[in-house]
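Student: Sharing a structure with you now.
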Amino acid sequence: MRLDELAEKLGAELEGDPAIEITGVAPVETAGPADLAFVSSLKYRRMLRSSSAGAVLVDRSVELEGLQLLRCDNPQLVFAAAIGLFDDRPQPVEGVHASAVVADTARLGEGAYVGPFAVLGENVVLGPGARIHPHVVIYPEVKAGRNFTAHAGVVVRERVLLGDDVTLQPGVVLGGDGFGFLPTGQGVAFSVPQAGTVEIGDSVDLGANTTVDRAAVGVTTLGDGVKLDNLVMIAHGCELGDHTILAAQTGVAGSTKLGAGVMTGGQCGFGGHLEIGAGVQCAGQTGVLGDVESGEIVAGTPAVNIGLWRRCSVLLKRLPELFKRVARLEKALETGSDEKN
Amino acid sequence: MRLDELAEKLGAELEGDPAIEITGVAPVETAGPADLAFVSSLKYRRMLRSSSAGAVLVDRSVELEGLQLLRCDNPQLVFAAAIGLFDDRPQPVEGVHASAVVADTARLGEGAYVGPFAVLGENVVLGPGARIHPHVVIYPEVKAGRNFTAHAGVVVRERVLLGDDVTLQPGVVLGGDGFGFLPTGQGVAFSVPQAGTVEIGDSVDLGANTTVDRAAVGVTTLGDGVKLDNLVMIAHGCELGDHTILAAQTGVAGSTKLGAGVMTGGQCGFGGHLEIGAGVQCAGQTGVLGDVESGEIVAGTPAVNIGLWRRCSVLLKRLPELFKRVARLEKALETGSDEKN
Amino acid sequence: MRLDELAEKLGAELEGDPAIEITGVAPVETAGPADLAFVSSLKYRRMLRSSSAGAVLVDRSVELEGLQLLRCDNPQLVFAAAIGLFDDRPQPVEGVHASAVVADTARLGEGAYVGPFAVLGENVVLGPGARIHPHVVIYPEVKAGRNFTAHAGVVVRERVLLGDDVTLQPGVVLGGDGFGFLPTGQGVAFSVPQAGTVEIGDSVDLGANTTVDRAAVGVTTLGDGVKLDNLVMIAHGCELGDHTILAAQTGVAGSTKLGAGVMTGGQCGFGGHLEIGAGVQCAGQTGVLGDVESGEIVAGTPAVNIGLWRRCSVLLKRLPELFKRVARLEKALETGSDEKN
């Protein structure tokens, strides 16, 4: 694609040779003369000087000599669109593979792809545009809206409900039995039947090998626009508000409610039966043991305000010094240091 | 079911209209006039006032006006039984699906269900009542007792032994090769063959995508009644005592032994080659780096007694104050504050 | 196998009865008279006294009475070789199972095994000696070198490239879409297409249910000899240097680079866009939030030098004492303790 054509498609302003041919996108370090590049942070901007990228997407304020530029207001978002333009990954073709086991009572919308060895149970209903990759297992009575994509190895247990435009990466498990065991007095745990289900909103994306458990009674709920990274664990009875974004290996214990727009770094943990307000943000590895007010930004285990956590983290490293200073004070005062108290 | 009939089945005392029809169980917030509800903690008891539940399970001491009550001694346990009474999820039907690949030398007990595309290797022996869901792969020489349930996508590697009443949620991997690599001096790791196996006791439940590795030599052992939540990792050569309960995303490194009845919150980690006594409990995200005495309750990384951890967590937040107080003392004493020491 | 024959095969020096028959290897606690045993740490050496092992592998310096000994320079490495000698686990036999779906354009090297229900997409190329277990799904245009082993349930997404001697434990997902979402101003996240790929070097081993995401643009790279334990998460755009070893449940956020020979304990987390130098080591549960210099050994969250972390961990437990000592000093000085400051 000529650079001027690309600029027009992306709504960007061209600064340089319009006739350059662009055939792909690439990171700035490896981009060649036929690639469009972009740097996401100032940290990488100096790489641009030595880059041989054919063209670079930048915002309107950047000054750069000797490179073809495409200027726009939100270069990160426009670069994402550019990736899509050049995305030529092989895609499955409409049709149900002969080896798939589709129950007589299952219904598929128009344009569906069902790959080899996929299993669709009794009364499964999938909306138009479904892409069921090989080896997906959908238990009975599952219903999904338009454009449901399930990658290889996904398992959706019985009765789970999914909205439109849901994408599940390989190995996602939806509706596994929640972890519910009660002591019976003889040291033997009684398994609480997990007879509830899971409901997933629209435009939800779940990462590889992430698991969302069904409720014992009622529903585990993921709102619209929820994005979960890989290896995330959502326990039975949780409610995730719209546009919740949880990074990899985060876990949410049973019956906890996250308000709309909660965001976490990786490996965060939430205790059970908590109420986390809208817009709460958690740094990576945060351990949330109590309710959190809307809009708070927290870190640490147990979670505290991130500013306090940063100050304390710095001071924690100075504990050896502080102990020495206190000992010196004690010596100066001759009060002695009774460390047993 | 009429409420008086339900009360009788549950062994509960009816207080209210015996003729009410109950058709299901539900959380108290969403329960309707045909639902039985229950609240697990006092925190939720005020919800009962505005609930339109048809009936509520309570213990013998609770005073509540205007609701049909079922009174009993252990309402949580009785509610679990009630969930089971109304659990009408679709169940697989006895029989081996035509597409399953079952080795000639494999043996199945009575009443087995084997779903589409399941693979049972040479010399696999499953006891009566097995439920092998679609896409389960059982490698050669695996043996399991009665009522073995393996959900879709489960993989059981060669020679793993399982007791009676074992249930594996989707994506569980048993008997994957342990993580054993030795330095060889050229920076290249030598892979230690993992020729041992895994033995699982009776009444064991493992959560979605949990992994239990086979030993290099000998056996990785899970005792009777062990319950592991989702995404748990048990490394090669570990021994988990009877009735161990590990919450989600907990990991146990190689050759560590957990005594009977150990319980953890989510995301705990145990170092390798440790001895953890019977009945030890760990708060969420605890990092256990040394042996722990029976009955201890620990938290933090490195793990300490939970009472001490709580006190220190509170004081940690007051470090900025403490540093100021020490500086003030130093000024008062005119000893100066040599922060380099 | 006679003990003298075994000694010769292992290059070890025999001290004892050459005619003893050894039929297997075992941990020292459970080894019987026909087993070869070995203890990895001094901690376990006293177990040897009560062991009934047929023979024991020891280094040249150990003094032990009453046991047949095989002496060598590196008993741990030699024991690993011994495990391999006696490893009689059932192995798959060459051939493509009739039920496998192999695209016409896929190519398989000599000696390949392809198990039941495996799916090999268009233009997949596997080198000689491939072992594709049942239920492996390989998307189109994947290429792997010699001796590629993929266990049941592995999913390799489109265009991923793998070197020689790569082994994937069950449930590994390679090339899942990276976690890339951009805010659009209406609270709705825009999914960045993940059109890049994953490249894996030679002699790489990945543990059960581990996930490695494809890059948005460019490549997520794992160097030669990389070993990842179970449930590890490598995000899009990461680069792992040769011989990186990451223990279970560790996560690396997007675009972070680990130098050669980095080693971590379990449950470590790395933030995004970091540079971690060669040979860096991290204790379990370390949270790395910034760049780390080559050769550093770190612990804690945020990560600090492990020596400092150990000192601070000890002092942290003494905070209750320190607060009391400061209060006593304040009283002695009659400055009062204004805890609000």
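The values are calculated or read from the model by the stated rules, or taken from the named source; none is laboratory data. All values derive from a computational prediction rather than experimental measurement. Every residue, glycine as well, gets a Cβ built from its backbone with ideal geometry; the counts of neighbours run over all protein chains shown.
Student: Among the residues in the range B:297-307, are any more than 10 Å from every other protein chain (Cβ to nearest Cβ) and either part of a helix (DSSP H, G or I) or among the basic types (Lys, Arg) (or both)?
Tutor: Yes, that holds for at least one residue.
Student: Output the residue which, of all residues in the range B:184-205 that are facing chain C (nearest Cβ under 7 Å) and not hydroxyl-bearing (Ser, Thr, Tyr), is farthest from residue B:158 (Cα to Cα).
Tutor: Step by step, filter the range B:184-205, then rank; the result is B:187.
Student: A further question follows. Just give me the residues in the range B:258-271 being part of a loop (DSSP other than H, G, I, E, B) and either surrounded by 20 or more Cβ atoms within 10 Å (Cβ to Cβ) or free of Cβ contacts under 8 Å to residues at least 24 places away in the same chain (or both), in sequence order.
Tutor: Within the range B:258-271, B:259, B:261, B:262, B:265, B:266, B:267, B:268, B:271 meet the criteria.
Student: I want to confirm something. Restricting to the range B:302-341 and keeping residues that are of a type in the set (Asp, Glu) and farther than 11 Å from residue A:322 by Cα, which single residue is modelled with the highest pLDDT?
Tutor: Residue satisfying both the conditions and the ranking: B:321.
Student: Can you find a residue in the range A:44-57 that is in a loop (DSSP other than H, G, I, E, B), at pLDDT 90 or above and within 24 Å of the chain's Cα centre (by Cα)?
Tutor: No: zero hits.
Student: If you take just the strands (runs of 3 or more DSSP E) that sit entirely in the range C:138-227, which of them hold at least 1 residues that are of a type in the set (Asp, Glu) and at negative phi?
Tutor: C:173-177, C:197-200, C:211-214
Student: Taking the range B:100-126 as the region of interest, how many residues are buried (at least 19 other Cβ atoms within 10 Å of the Cβ), not hydrophobic (A, V, I, L, M, F, W, C) and not in a strand (DSSP E or B)?
Tutor: 3
Student: Can you pull out the residues in the range A:77-96 that are touching a strand residue (DSSP E or B) at 6+ places or on another chain (Cβ under 6 Å) and either in contact (Cβ under 8 Å) with a residue 12 or more places away in the chain or more than 29 Å from residue C:185 (Cα to Cα) (or both)?
Tutor: Those that are touching a strand residue (DSSP E or B) at 6+ places or on another chain (Cβ under 6 Å) and either in contact (Cβ under 8 Å) with a residue 12 or more places away in the chain or more than 29 Å from residue C:185 (Cα to Cα) (or both): A:78, A:79, A:82, A:83, A:86, A:92, A:94, A:96.
Student: Still on this structure, I have one more. Go through the range B:273-291 and give me each residue that's touching an Asp or Glu at 6+ places or on another chain (Cβ under 8 Å) and of a type in the set (Val, Ile, Thr).
Tutor: Those that are touching an Asp or Glu at 6+ places or on another chain (Cβ under 8 Å) and of a type in the set (Val, Ile, Thr): B:276, B:280.
Student: Do you know which residues across the range B:213-233 are crowded, with 24+ Cβ neighbours inside 10 Å, at the interface with chain C (Cβ under 9 Å from one of its Cβ atoms) and among the β-branched types (Val, Ile, Thr)?
Tutor: Across the range B:213-233, the qualifying residues are B:217, B:232.
Student: Any residue at all in the range B:170-177 that's closer than 30 Å to residue C:77 by Cα, under 21 Å from the mean Cα position of the chain (by Cα) and among the small types (Gly, Ala, Ser)?
Tutor: For the range B:170-177, residues closer than 30 Å to residue C:77 by Cα, under 21 Å from the mean Cα position of the chain (by Cα) and among the small types (Gly, Ala, Ser): present.
Student: Of everything in the range A:234-253, what is β-branched (Val, Ile, Thr) and either within 20 Å of residue B:247 (Cα to Cα) or in a loop (DSSP other than H, G, I, E, B) (or both)? Give them in sequence order.
Tutor: Once the filter is applied, which keeps residues that are β-branched (Val, Ile, Thr) and either within 20 Å of residue B:247 (Cα to Cα) or in a loop (DSSP other than H, G, I, E, B) (or both), the range A:234-253 yields A:234, A:244, A:250, A:252.
Student: Give B:189, B:144 a once-over and let me know the one that is without any contact (Cβ under 8 Å) to a residue 24 or more places away in the chain and within 30 Å of residue C:241 (Cα to Cα).
Tutor: Of the residues listed, the single one that is without any contact (Cβ under 8 Å) to a residue 24 or more places away in the chain and within 30 Å of residue C:241 (Cα to Cα) is B:189.
Student: Something else now. Considering the range C:65-80 alone, what residues qualify as being within 23 Å of the chain's Cα centre (by Cα) and farther than 12 Å from residue B:216 by Cβ?
Tutor: The answer is C:74, C:75, C:77, C:78.
Student: Can you find a residue that is within 14 Å of chain B (Cβ to nearest Cβ) and under 18 Å from residue A:97 (Cα atoms) anywhere in the range C:136-152?
Tutor: Taking every residue of the range C:136-152 in turn, at least one turns out to be within 14 Å of chain B (Cβ to nearest Cβ) and under 18 Å from residue A:97 (Cα atoms).
Student: While we're on this one: I'd like the full set of residues that are basic (Lys, Arg) and either at pLDDT below 95 or outside any loop (DSSP other than H, G, I, E, B) (or both), limited to the range A:71-90.
Tutor: A:71
Student: Considering only residues that are facing another protein chain (nearest Cβ under 9 Å) and touching a Lys or Arg at 6+ places or on another chain (Cβ under 6 Å), which ones fall in the range A:156-175?
Tutor: A:158, A:175
This table checks each residue for (1) of a type outside the set (Lys, Arg); (2) at pLDDT 95 or above; (3) within 23 Å of residue A:267 (Cα to Cα).
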| residue | (1), (2), (3) |
| --- | --- |
| C:165 | yes, yes, no |
| C:177 | yes, yes, yes |
| C:188 | yes, no, no |
| C:194 | yes, yes, yes |
| C:214 | no, yes, yes |
| C:229 | yes, yes, yes |
| C:237 | yes, yes, yes |
| C:253 | yes, yes, yes |
| C:258 | yes, yes, yes |
